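Q: One structure, pasted below without further comment.
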Amino acid sequence: LELAGADPMRVGIAALLHAPAAVHINGPALARFETIYTGRAEGAHEVKLFLIAVDDAGRSGKKIGCGDSVVAVTRDLRPTSTPLRAAIEELLRIPRIYGSNPELYNALSQSQLRLKSVSVRRGVARLSFAGRLVTGGVCDSPRVQAQIEETALQFPTVKKVKVFINGLPLSVYLSERG
């Protein structure tokens, strides 16, 4: 990053402060969507986002329907008082195909969803989305459910997850696709 006439020290600091988070899967950094830096940003919050290893049969993560695995990808997010909300919003931003070894799939990528509200009471996380859920076939139903639930369940205050889209339970949307 270079700006004509700008103080190089300020430009360098601005680039560091506004750099995207590093992306890791099983330790090594992925080639795409990463920024290389030493250490973590001060106060960064590490979260897991769950994606799908298609036809993996549980070799890389928890086995789910259609012979797939749900696999954790860790991300450093900016400090926040609402890490569950930040993690789900980050999950919605991940592209359809992610990484290369293994290549992971985001079943939520085609959807046009916005997270309206998040609450956790007595161990139950309630995630309310607005918008349109778009899936690529019957196998995307367990993928969508696993991605959202596993991402939420990483937080120690969450024991169960309830997902709603436009006020209706996620199961209503997924049963229409099955």
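Q: At a 10 angstrom cut-off on C-beta neighbours, averaged per residue, how do the peptides 67-80, 140-153, 109-122, 160-173 rank from highest to lowest?
A: In decreasing order of mean packing, 67-80, 140-153, 109-122, 160-173 become 140-153, 67-80, 160-173, 109-122.
Q: Expected output is a single nm value to one decimal: the length gained when fully extending between Arg121 and Ile97, i.e. 0.36 nm times separation in residues minus the C-alpha distance. What is it?
A: My answer for the length gained is 5.3 nm.
Q: If you roll a 1.4 angstrom probe over the protein chains with everything in place, what fraction of the accessible area of segment 106-163 belongs to carbon and sulfur, to the nearest %?
A: The value for segment 106-163 is 47 percent carbon and sulfur by accessible area.
Q: Would you pull out the residues with amide H under 5 Å of Thr80's amide H, same chain only if 5 or more places away, H placed 1.01 Å from N?
A: none
Q: What accessible area per residue, rounded to a whole number of Å², is obtained for segment 50-149 using a probe radius of 1.4 Å?
A: 47
Q: Additional query: Between segment 74-96 and segment 97-117, how many Å separate their Cα centres?
A: Result: 12 Å between the Cα centres.
The values are calculated or read from the model by the stated rules, or taken from the named source; none is laboratory data. Here the structure is a predicted model, which means the values were calculated and not measured. Ideal geometry is used to build each Cβ from the backbone, glycine not excepted, and the neighbour counts take in all protein chains shown. When the accessible area is computed, the model is the full protein with side chains, heavy atoms only, and any ligands, DNA or RNA have been set aside. Shrake-Rupley method; radii C 1.70, N 1.55, O 1.52, S 1.80 Å.
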